[in-house]
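Structure record follows, encoded as structure tokens.
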Amino acid sequence: MYELEATADMFLVSGQAKPSIDQQTIAVAPETGEAPEALLVQSVLAGDRELYGDLYQLYAPLVHGILLARMPRSEVDDMVQEIFLHGLRKLHTLRDAGAFGPWIAMIARNRAMDFHRRSRETVEMTEDLGSGNSSGPKAAEILEIIRSLPDAYRETLVLRLVEGMTGPEIATRTGLTSASVRVNLHRGMKLLRAKLGFKEVV
């Protein structure tokens, strides 16, 4: 298990900057009883478009992780930008300002499916892909294994291992329950360990 954690640390180097907004901003605002992202959405809709940058900081790692679980890494950064631009244009269609996270996550999932429908490209396999001298699997190989897992496990594992999000953060931003996230992470890690050839410690 230690090796898997050490290997997973390689994932934490991602193209996305970690949000500078501290965790207190995700809590419920005491004076209104609304989550800060709901207040941000309402402010953006009222005309303060600069606050959309705060929503981007909060949710870019979520969108990045969702896309990374479904698309080639080379396409992800541009697609994150496209999704947030689309989100800004369509923000007025969001029915519940407090549901921005699940809403932007669904847009990301739909865009990833659209990408695969349109994409007719084939991926070239290089001869040296599996010929590395290291004893353990590389981050790119592990990411491919994660992509082969069922959707629920794939997404939560990428958000945890690549984006460095905690279980409660994943639950808050995706709209899943904490219990679902825990189960998905547990089962996903078990499948990942099995595919990597790690033995379960009893």
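Here is a yes/no grid of residues against (1) open to solvent by 10 Å² or more (accessible area, probe 1.4 Å); (2) at pLDDT 90 or above; (3) under 16 Å from GLU169 (Cα atoms):
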| residue | (1), (2), (3) |
| --- | --- |
| ALA6 | yes, no, no |
| ASP9 | yes, no, no |
| ALA35 | yes, no, yes |
| TYR56 | yes, yes, yes |
(request) Select from the range 146-170 the residues that are more than 20 Å from ALA60 (Cα to Cα) and open to solvent by 40 Å² or more (accessible area, probe 1.4 Å) and list them in ascending order. (result) SER148, PRO150
(message) Taking the criterion of being among the basic types (Lys, Arg) and open to solvent by 50 Å² or more (accessible area, probe 1.4 Å), would at least one residue in the range 63-77 satisfy it?
(response) yes
(request) Kindly indicate whether ALA179 is open to solvent by less than 70 Å² (accessible area, probe 1.4 Å), farther than 13 Å from LEU62 by Cβ and part of a helix (DSSP H, G or I). (result) yes
(request) Name the one entry in ARG173, ARG187 that is surrounded by 13 or more Cβ atoms within 10 Å (Cβ to Cβ) and modelled with pLDDT of 90 or more. (result) ARG187
(request) Determine which single condition ALA152 fails, assuming it passes every other condition in (1) modelled with pLDDT under 85; (2) in a loop (DSSP other than H, G, I, E, B). (result) (2)
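Show me the helices (runs of 4 or more DSSP H) found entirely inside the range 31-112 where at least 2 residues are farther than 25 Å from VAL158 by Cβ.
Because the criterion is at least 2 residues that are farther than 25 Å from VAL158 by Cβ, the helices (runs of 4 or more DSSP H) in the range 31-112 that meet it are 36-45.
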(request) Check off (1) at pLDDT below 50; (2) open to solvent by less than 40 Å² (accessible area, probe 1.4 Å) for ASN133 and give me the number that stays unchecked. (result) (2)
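The values are calculated or read from the model by the stated rules, or taken from the named source; none is laboratory data. Everything quoted here is computed from the prediction, not taken from an experiment. Neighbour counts are summed over all protein chains in view; Cβ atoms, including those assigned to glycine, are modelled from backbone coordinates with ideal geometry. We work out accessible area using only protein heavy atoms, side chains counted, and drop any ligands, DNA or RNA first. Shrake-Rupley method; radii C 1.70, N 1.55, O 1.52, S 1.80 Å.
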